[in-house]
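Colleague: Supplied in structure tokens, the structure appears directly below.
Read-outs: derived from the displayed coordinates by stated rules, not from any lab. Every value quoted in this text rests on a predicted model; they were computed, and no experiment measured them. No Cβ is skipped: glycine too gets one built from the backbone with ideal geometry, and neighbour counts run over all protein chains shown.
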Amino acid sequence: MPDALPVFGAPPAADPPGVLAACDGSDGSLWALDRAMTEAQLFGLPLYVLAVVNPSPGGYPPGMVELVQEGIDRMTASMADGLRRAVATVQAARTQPYTGELALHVVLGNVIEVLLSCTPGQHTLVIGTRGNGGFTRLLLGSVSTAAVHHAACPVLVVPAPPAH
């Protein structure tokens, strides 16, 4: 089933409003995705899963985009495959699989800017405390901190489960 899920290259619209889950494939984002599935199921809302690819944080000089487009396309396809695997992994671990409406989105751009631009009109944004970025010693990562302070909808920050 996960291989059949289409991945859209546009940000999710909040029509209808739903639960927006940020997913970068990190453990934290998988825990957040699981909670987002629970929230969407509980409220009977669609689940929008968003991954953002930022191929060049500093931007490209003029004329470079055409030269690196193939690499960008490969990165986007790889993130789409990873997003499908993330959904399948979380679904397989759940005692009650998510059965509601589900849409996957891989978008190019700055992670924080894209994520925040998708929050107006959404019911909830669900995000992990830290993703694949550095500085794991921080309580909240830069993306989750920005979301808490600037999202246009309620934000649910999901911590790591307790160690056994």
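Colleague: What ranking, highest mean first, results for peptides 6-15, 100-109, 44-53 when packing means the other Cβ atoms within 10 Å averaged over each residue? Provide the component values of the computation, followed by the final result.
Modeller: Working: 6-15: 13.9, 100-109: 18.0, 44-53: 21.3.
Answer by packing, highest mean first, reads 44-53, 100-109, 6-15.
Colleague: Return, for the Cα atoms of segment 1-48, the radius of gyration and Dmax in Å, separated by a comma.
Modeller: 11.3, 29
Colleague: How would you order 84-96, 110-122 from highest to lowest mean count of nearby Cβ atoms within 10 Å? It would help to have the intermediate numbers written out before the result.
Modeller: Details: 84-96: 14.5, 110-122: 17.6.
Per-residue Cβ counts within 10 Å, averaged per peptide and sorted highest first, yield 110-122, 84-96.
Colleague: Taking amide H atoms as placed 1.01 Å from N in the peptide plane, list the residues 5 or more away in sequence, or in a different chain, whose amide H sits under 5 Å from that of LEU125.
Modeller: Those lying under 5 Å, H to H, from LEU125 are LEU20, VAL155, LEU156.
Colleague: In whole Hz and in residue order, list the ³J(HN,Hα) couplings for segment 109-115 that follow from phi through the Karplus curve 6.51 cos²θ - 1.76 cosθ + 1.60, θ = phi - 60°; x for Gly and Pro.
Modeller: Going residue by residue, I get x, 6, 4, 5, 4, 5, 4 Hz, with x marking Gly and Pro.
Colleague: Given H placed 1.01 Å from N in the peptide plane, which residues other than close sequence neighbours of GLY109 have an amide H under 5 Å from its amide H?
Modeller: VAL53, ASN54
Colleague: Going by average Cβ neighbours within 10 Å, how do the peptides 150-159, 32-41 rank, with the highest at the top?
Modeller: 32-41, 150-159
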